[in-house]
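Following: one structure in structure tokens, then a few remarks.
The values are calculated or read from the model by the stated rules, or taken from the named source; none is laboratory data. These figures come from a predicted structure and were not determined experimentally. Every residue, glycine as well, gets a Cβ built from its backbone with ideal geometry; the counts of neighbours run over all protein chains shown.
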Amino acid sequence: MATASNDTYPDHLWRPLTQHQGLRGAMPNRMVSAKGCIITDQNGNEFLDAIAGLWCVNIGYGRTEVGEVAKQQMSDLNYLAPVMSSGPVIDLAEKLQKMLGFESHVYFSCSGSEANETAFKIARQYHLQAGNGGERRYKIISRYRAYHGNTMGAMAATGQAERKMGYEPGPAGFIHVMPPYPYRAHPKLTAEEHAEECARLLEETIIHEGAETVAAFIMEPLIYGGGVLVPPDNYAPLVREICDRHGVLLIFDEVVSGFGRLGTMFGYEHWKVQADIYTFAKGLASGYMPIGATVVKEHIFEKFEGAPSEMKHFRQINTFGGHPVASAVALKAIQIVEEEKLAENADTVGTYMRHKFMELLADHPYVGEIRGKGMIMGIELVADRKTKAPLSDDKVMGIVGACVQKGVILGRNSNTIPGRCNVLLIAPPLILTKAQADRIVETVTTAMAMAIQK
């Protein structure tokens, strides 16, 4: 095996969303440990993780009690074919049903992408088996700027052009509509009127496509990776009414918002609107194990019952779906969120941090809008506050890089819309303290001050 020279290092890892040209020969920065909200690298440098991994480490890093649960479950039953059932997966399905508060069945997978793919297939098969011309209902409507996953169906539903470049054409039957985006709404419309217009255009799309061809509408309670777009309060109830009027299933993608992120246990609670199908991942096990879940209301599940010869059952299997270790870990992570009241902390500290940012940056020439809910926040950066022209990529990345240099890791809506990847994303673990929130605010504010001087 060849030995690397003193100034180059072997690195065969292909990193996601990363251009590697400038990394060749450079020594990779290895993260070696983490505790709470802090990650430590090989040189002992500490970083406050203000994006919770990928919006997922809700309970923070280094929870030894979670590791003990995983160790015990690995010793007891490390794997089981998903057509069989273990104690942890049965208990987890029961726990989710009780938390959501309605009769349901849960299909487990390994990621948010898989959970959404599952939801699409269930929606199509449901209509086929429910009668009323359901054999024609196959179309899935979603929203621009939304992210629903990187598998082919989930990517087709994703409304982010840069994520699809080079991989299209995708599967047929996926349609997009504009989301509510009050910051860039027509200036003559109030936020509520803008929401009404977006809902009206959704209904017009259903009508023009032919309601009898539309299976489902999928939406994140608020758009996360696409720029933290918070809808006006009247939007979700209007969507529910439209879906009911046209026999369209409503899917809530709660992959990010589930389990405390928005200051409530589930995102939909803010708008008091229920969906027919819910998808979860990320916070379900707080990033300690890969696990996804698709939860369907009982009236949907019932349409999959019948004699074996009728082929009405759901004909999908995921090798690692309902993994006993992942299920046991998820149960423990949910227990921690509940017992430590982390949803409440997300609301309290998240609101505190957002107000601090507004006090210090509301008048900054590069800040167009500061928005969020609970422990998730977006800062939209603009070159001109009047025209709302997005700040250039190099300046946005310069701000992100300056924060990392000062020991705070945050994100931006990378590879989203060409020319509009200009929103800083802040979504720390839900255990964040006010002192740590102050550090994030101070770091970003300093980086913004440096940017304006360049």
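Observations
- Being of a type outside the set (S, T, N, Q), assigned to a helix (DSSP H, G or I) and either more than 11 Å from Met219 (Cβ to Cβ) or touching a helix residue (DSSP H, G or I) at 6+ places or on another chain (Cβ under 6 Å) (or both) holds for only one residue in Arg245, Arg261, and it is Arg245.
- Looking across region 306-329 at every residue that is in contact with a strand residue (DSSP E or B) (Cβ under 8 Å, 6 or more places away or on another chain), small (Gly, Ala, Ser) and part of a loop (DSSP other than H, G, I, E, B), the one that is surrounded by the fewest Cβ atoms within 10 Å (Cβ to Cβ) is identified as Gly321.
- Test: residue in region 214-225 that is more than 26 Å from His246 (Cα to Cα), outside any strand (DSSP E or B), in contact with a helix residue (DSSP H, G or I) (Cβ under 9 Å, 6 or more places away or on another chain) and small (Gly, Ala, Ser): yes
- Criterion violated by Lys332 - all others in (1) in a helix (DSSP H, G or I); (2) closer than 20 Å to Val228 by Cβ; (3) among the basic types (Lys, Arg) satisfied: (2)
- Checked against the criterion of being within 17 Å of Thr294 (Cβ to Cβ) and in the same structural domain as Val255 (by TED's automatic domain parsing), the candidates Ser75, Ser86, Ser109 yield just one match: Ser109.
- Condition met for Ala236 (among the small types (Gly, Ala, Ser) and assigned to a strand (DSSP E or B)): no
- Pair list, Cβ < 7 Å and 6+ apart or interchain, from region 432-454 residues that are surrounded by 16 or more Cβ atoms within 10 Å (Cβ to Cβ) to residues that are among the hydroxyl-bearing types (Ser, Thr, Tyr): Ala437/Tyr352; Met448/Tyr366; Ala451/Tyr366
- Members of region 42-81 that are assigned to a helix (DSSP H, G or I) and under 20 Å from Leu430 (Cβ atoms): Ala52, Gly53, Leu54, Trp55, Thr64, Glu65, Val66, Gly67, Val69
- Flag if Val382 is surrounded by fewer than 22 Cβ atoms within 10 Å (Cβ to Cβ), assigned to a helix (DSSP H, G or I), without any contact (Cβ under 8 Å) to a residue 60 or more places away in the chain and not assigned by TED's automatic domain parsing to the domain that holds Ile291: no
- Yes/no for Tyr183 being crowded, with 23+ Cβ neighbours inside 10 Å, in contact with a Lys or Arg (Cβ under 9 Å, 6 or more places away or on another chain), within 30 Å of Lys388 (Cα to Cα) and not assigned by TED's automatic domain parsing to the domain that holds Lys386: no
One line per residue, one yes/no per condition, for (1) under 14 Å from Gln316 (Cβ atoms); (2) not in a helix (DSSP H, G or I):
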position	(1), (2)
Val83	yes, yes
Gln97	no, no
Tyr107	yes, yes
Thr118	yes, no
Arg124	yes, no
His127	no, no
Asn150	no, yes
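- Test: residue in region 100-119 that is surrounded by fewer than 19 Cβ atoms within 10 Å (Cβ to Cβ), modelled with pLDDT of 95 or more and over 29 Å from Gly306 (Cα atoms): no
- Looking across region 217-238, the residues that are under 21 Å from Leu249 (Cα atoms) and out of contact with any strand residue (DSSP E or B) (no Cβ under 7 Å at 6 or more places or on another chain) come down to Pro231, Asp233, Asn234, Tyr235, Ala236, Pro237, Leu238.
- Close pairs (9 angstrom Cβ cut-off, 6 or more residues apart or separate chains): farther than 16 Å from Glu196 by Cβ in region 227-247, β-branched (Val, Ile, Thr) and surrounded by fewer than 16 Cβ atoms within 10 Å (Cβ to Cβ) anywhere: His246/Ile207
- Inspection of region 261-273 identifies no residue that is within 16 Å of the chain's Cα centre (by Cα) and either outside the structural domain of Arg184 (by TED's automatic domain parsing) or within 27 Å of Pro418 (Cα to Cα) (or both).
- Output for region 345-374, where each listed residue is part of a helix (DSSP H, G or I), of a type in the set (D, E, K, R) and surrounded by 16 or more Cβ atoms within 10 Å (Cβ to Cβ): Asp347, Arg354, Lys356
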